[in-house]
Structure formats: C-alpha cells, structure tokens
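Student: The structure under discussion is supplied below as structure tokens; questions concerning it will follow.
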Amino acid sequence: LIGPWASLSMQLIAPPAPKIESLALVSDTGTSSTDKVTDNPTIVGTIKLEDRPVSDYLVYVDHNGDGTTEGTAITDQFGNFIYRPRNLTPGPIKLKLLTAYWDSNLNSTVYASPVEFEYTLLPPPLP
C-alpha cells in the first residue's frame, strides 16, 4: 500500500493507584466496640488494586486537612498496613489517607482519591 502519510495522536494514561479498601481502629475503647471512640489512635487498613492486595506501597496520611503528609505506613505482602499517629490532641480526629506511585512513562506521580477516617480520641488513661 502506498499513500500519503497520516498523523496519529496518542495519549498515555497511567494505571490507577491502589485504593484503600478498609480502615478500622485497632482498639475501639468507647462504650461500644463500634462507636469509633478510643484512647489508642492506631488504625489498620488494607489497599487493593483490581481486587488484588498490593505489597510494599506507601500510604500517606494527612492529620489536619492541609494537604501535607504528616505520616506514612507501608503495606505488607497482603496489602495490610498499621498506622500509629503521633502527637494528636484528644478530641475529634479526621485523617485523610491515600496511596500514590511514580509513573516513569508519564514522569509524574499518580494519586488515588483520598479516603477520610474519623474517630474520637480520648485522653490517655491515668496510670
């Protein structure tokens, strides 16, 4: 086949970042086991990509809604992570968590949508 050249345009689209599938308090110490009231701010979660666990991914955590990461956790071989926040003031807590990865084809970071997790932090128990 012989003919004139034709232009072809392409757009690279990055695969999605893994999504946070579950979040929970390690220890809900309120009046019920599901009221999200605790004296232990540690949370656990799982991330997945296309319903498969994802290992060795960073989970970024924003404590105060300013868009800056105050802490991170890393997933194990099953996509599970444990996050132990530091220096939180007792009272209502709202964390935003997300995952991201570097896409070398696009030379940019690909972010998942942030997930919010709210609970009430009690003062530490007296000795």
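Student: Could you check how many residues of region 45-58 are part of a strand (DSSP E or B) and open to solvent by 50 Å² or more (accessible area, probe 1.4 Å)?
Tutor: Going residue by residue through region 45-58, those that are part of a strand (DSSP E or B) are 45-49, 52-53, 58.
Keeping just the survivors that are open to solvent by 50 Å² or more (accessible area, probe 1.4 Å) gives 48, 52-53, 58.
Result for region 45-58: 4.
Student: Tell me, which residue of region 1-27 that is part of a loop (DSSP other than H, G, I, E, B) and closer than 21 Å to LYS94 by Cβ is nearest to the chain's Cα centre (by Cα)?
Tutor: Per the criteria, the residue is VAL26.
Student: Answer yes if at least one residue in region 59-71 is open to solvent by 60 Å² or more (accessible area, probe 1.4 Å), at pLDDT 95 or above, part of a strand (DSSP E or B) and of a type in the set (Phe, Trp, Tyr), and no otherwise.
Tutor: Yes, region 59-71 contains a residue that is open to solvent by 60 Å² or more (accessible area, probe 1.4 Å), at pLDDT 95 or above, part of a strand (DSSP E or B) and of a type in the set (Phe, Trp, Tyr).
Student: If ASN40 satisfies every condition in (1) open to solvent by 100 Å² or more (accessible area, probe 1.4 Å); (2) of a type in the set (S, T, N, Q); (3) under 22 Å from PRO124 (Cβ atoms) but one, which is the exception?
Tutor: Result: ASN40 fails condition (1) only.
Student: Moving on to the next point. Within region 73-91, count every residue that is open to solvent by less than 70 Å² (accessible area, probe 1.4 Å) and among the β-branched types (Val, Ile, Thr).
Tutor: Here the count works out to 1.
The values are calculated or read from the model by the stated rules, or taken from the named source; none is laboratory data. All values derive from a computational prediction rather than experimental measurement. So basically every Cβ, Gly included, is an ideal-geometry build from the backbone, and we count neighbours across all protein chains shown. All accessible areas refer to the heavy atoms of the entire protein, side chains included, with ligands and DNA or RNA removed. Shrake-Rupley method; radii C 1.70, N 1.55, O 1.52, S 1.80 Å.
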